[in-house]
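**Student:** Please see the structure below; I have some questions.
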């Protein structure tokens, strides 16, 4: 083997090692960031209070009519706070900023129940403001986690990309 080939092989191996280390560091940072968000949320008194107030409605599986017509503004504010938090995390998941497996393993039921419960309220907001993008990321997570999961090929491509496929936004209700 000539010295030129040896140098090329060593350079290729060094570059491969550097790329692997950089990707691994990014993955670990994403997981740490996800854990921090989940833990901070679970120690936030305002969030816990709001979640406790809407919990009976989530268990019942339907949105109370008081938040649609604005009769109970306190309950509406609690739903809005919870929805805004989960929309933020959903946007992070959709853009690849949070670790989807970690969030899904710890809070899948809450996401599915929240969207199912609040779907009428979300569409009420969308229709009233004529903006289909209200809580679009939460809807995307619900569709992704409620129905069958992505197939193996899709997951492999998403892993290489470092983020999930963006998915489409339906312009109308199902």
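**Student:** Any residue in the stretch 78-91 that is closer than 22 Å to residue 107 by Cβ, without any contact (Cβ under 8 Å) to a residue 24 or more places away in the chain, out of contact with any helix residue (DSSP H, G or I) (no Cβ under 9 Å at 6 or more places or on another chain) and not in a helix (DSSP H, G or I)?
**Tutor:** The answer is no; no qualifying residue exists.
**Student:** A further question follows. For the stretch 92-101, which residues satisfy the criterion of being under 18 Å from residue 135 (Cα atoms) and either surrounded by fewer than 14 Cβ atoms within 10 Å (Cβ to Cβ) or without any contact (Cβ under 8 Å) to a residue 24 or more places away in the chain (or both)?
**Tutor:** 95
**Student:** Return the total of residues in the stretch 13-45 being exposed (fewer than 10 other Cβ atoms within 10 Å of the Cβ) and either touching a strand residue (DSSP E or B) at 6+ places or on another chain (Cβ under 7 Å) or part of a helix (DSSP H, G or I) (or both).
**Tutor:** 1
**Student:** In addition: Does at least one position in the stretch 52-61 carry a residue that is modelled with pLDDT of 90 or more, under 21 Å from residue 125 (Cβ atoms) and part of a helix (DSSP H, G or I)?
**Tutor:** The answer is yes, given that some residue of the stretch 52-61 is modelled with pLDDT of 90 or more, under 21 Å from residue 125 (Cβ atoms) and part of a helix (DSSP H, G or I).
**Student:** Out of all the residues in the stretch 126-142, which are part of a helix (DSSP H, G or I) and surrounded by fewer than 16 Cβ atoms within 10 Å (Cβ to Cβ)?
**Tutor:** Listed by number, the residues that qualify are 127, 128, 129.
**Student:** If the requirement is being in a helix (DSSP H, G or I) and at pLDDT below 85, which of these qualifies: 116, 154?
**Tutor:** Going through 116, 154 in turn, just one is in a helix (DSSP H, G or I) and at pLDDT below 85: 154.
**Student:** Give the stretch 92-113 a look and list any residue that's out of contact with any helix residue (DSSP H, G or I) (no Cβ under 8 Å at 6 or more places or on another chain) and not in a helix (DSSP H, G or I), or say none.
**Tutor:** Within the stretch 92-113, 95 is the sole residue that qualifies.
**Student:** Report the residue count in the stretch 50-75 for those that are surrounded by 12 or more Cβ atoms within 10 Å (Cβ to Cβ) and free of Cβ contacts under 8 Å to residues at least 12 places away in the same chain.
**Tutor:** Of the residues in that region, 4 qualify.
The values are calculated or read from the model by the stated rules, or taken from the named source; none is laboratory data. All values reported here derive from a predicted model rather than from experimental measurement. When we count neighbours, we look across all protein chains shown, and the Cβ atoms used for this are built from the backbone with ideal geometry, even at glycine.
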